[in-house]
Amino acid sequence: MKPNIGILESIHPEGIKLLKTIGKVYLDVNLDISKLYKKIQNYDVVIIKSNIQINEKFINCAKRLKIVARAGTGVDNINLEYLKKKKIKFFSTPQSASISVSELTISLILSLVKKLPDINHAVKKNDYRRHLFLSNDLSNLNVGLVGIGNAGIEVAKRLQAFGCKIYGFDNYSKYKTRFKKYNGVFVKSLKTILSLSDIVSFHVRLNKSTEHLLNLKNIKFLKKNSIIINTSRAKIIEEKSIIVGLKKKIISKVGLDVLSPEMPYEKNPDKNNYFHKFLNNKNIYITPHIGSMTDMTQKKIALELISKIKRNLVKKIL
C-alpha cells in the first residue's frame, strides 16, 4: 500500500511529479486550520516550508504521521523534540539554498548602498535630480558577516570581487580557512564586528543563543548610518532595535527577507489581513522570504528532499 503524502506548502512541480511515483499525493496548500487538521489525520508524510507550525497539537492530530519533510532550512516552526518522542522522522535541505540566498544578500547590499529603491521611487515621480542620491562604492566599505555557514561563506566568496573589507564572526564555523582565502578576517566578538562594519549581514540559525542577536543593548556599537541585512530568520534581530536605530540614525537602511510572524505566502492579497509595522517604514526594504525562490533552487530542494524520503522512509511505510 502506497503512503499518503500531504503537500501543505508549495514545492516545485518536478517534485510533485516524482512524489506521485512513490505515493498518493494530496495538494493541501492554503487550507484553514480546521480543514488542515482534518486532512493530516490520514497522512503518512507531510511536506512543509516555514508557515505551517509542526507543534504538539499538529503531531497529535496526525496519528499516521511517519515523516515531516521541510523543503528548505530552519526549524523554528517545528517541535523537533516532540517529533523525536513520537518517533517521527524529520528531514530538511539545509545546504540547497545557499547560493540563491547569497545572491539575494548581495542584491540587497548593492541596492541599499546604491540607493536604488529610493532612486526608482523618485524617477517614477518625475524627479531626476541625481545629485540628491550620492551613494558609495562597495569597495570603500566594510562588510560584516555574522555567521559563516553555508550561506555566509557563499556571500563572502561573492563579496571578494568587490574589493571591500570582509569581517566574520562565527566561533563555530567550519569554513575558517576558506573565509581567509576570500580575504575575510575573523573577529572574536559581536561587539567588534558591529563596530567595524558599515554593513552587517546575518546568516545564522535561530535558537536560544541567536534570538535577538542584534538588540537594544548592542546597537550602540554600530557605526553611524550602518546598513543591516537579514536573510536568515526574523527573530535574529530585535524589532525595537531597528526602530530605535533608525530614529537615532545609527542605522540608515535595513534589508529584510524575513518578518515575524511569517507572511501568508500562499494567499492572494485580497484574502489576507497581514500587517507588520515594518511594512510602512520607508527605510526598511522587505522581500517575502525569497532567498530560496529561484526555479533552479526550488527544483533542487524538492528533488533532494524527496530522495531522502524515498531512500530512508518509504521502505518502512511499505
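Since every read-out is calculated from the coordinates, none of them should be taken as a lab result. Computed from a predicted structure; not experimentally measured. Note that each Cβ is placed from the backbone with ideal geometry, even for glycine, and that neighbours are counted across all protein chains shown.
Worth a mention:
- Between helix 150-159 and the chain: long-axis angle, C-alpha atoms, 0 to 90°, nearest 10: 30 degrees
- Burial order of peptide ranges 97-108, 233-244, 270-281, 143-154 (average beta-carbon count within 10 Å, highest first): 143-154, 97-108, 233-244, 270-281
- Between Lys220 and Asn183, full extension at 0.36 nm per residue minus the direct alpha carbon distance yields a gain of 10.6 nm.
- Going by neighbour counts of Cβ atoms within 10 Å, the residues His289, His212 line up, fewest first, as His212, His289.
- For the listed peptides 87-96, 253-262, 67-76, a ranking on the average number of other beta carbons within 10 Å per residue, highest first, reads 67-76, 253-262, 87-96.
- Angle between the chain longest axis and helix 295-309 axis [Cα atoms, degrees, rounded to 10]: 40 degrees
- Residues Tyr82 and Tyr26, FRET efficiency given R0 of 25 Å [Cβ-Cβ distance, rounded to 0.05]: 0.60
- Least to most buried among Tyr167, Tyr285 (fewest other Cβ within 10 Å first): Tyr285, Tyr167
- Here His212 and Ser307 are evaluated by their C-beta separation; at R0 = 30 Å the FRET efficiency comes out at 0.25.
- Per-pair calculated FRET efficiency, R0 = 35 Å: Leu190 and Thr287 via Cβ, rounded to 0.05: 0.90
- Charge-dipole axis of the chain as Lys and Arg at +1 and Asp and Glu at -1 on Cβ define it, positive-most pick from Ser107, Ser197, Gly23: Gly23
- Helix axis angle, 98-113 relative to the chain longest principal axis, alpha carbon, degrees: 30 degrees
- Lys/Arg +1, Asp/Glu -1 at C-beta; segment 98-286 dipole; positive extreme among Phe278, Asn136, Ala161: Asn136
- Theoretical gain in end-to-end length, Phe90 to Ile243 [0.36 nm per residue, Cα-Cα removed]: 51.4 nm
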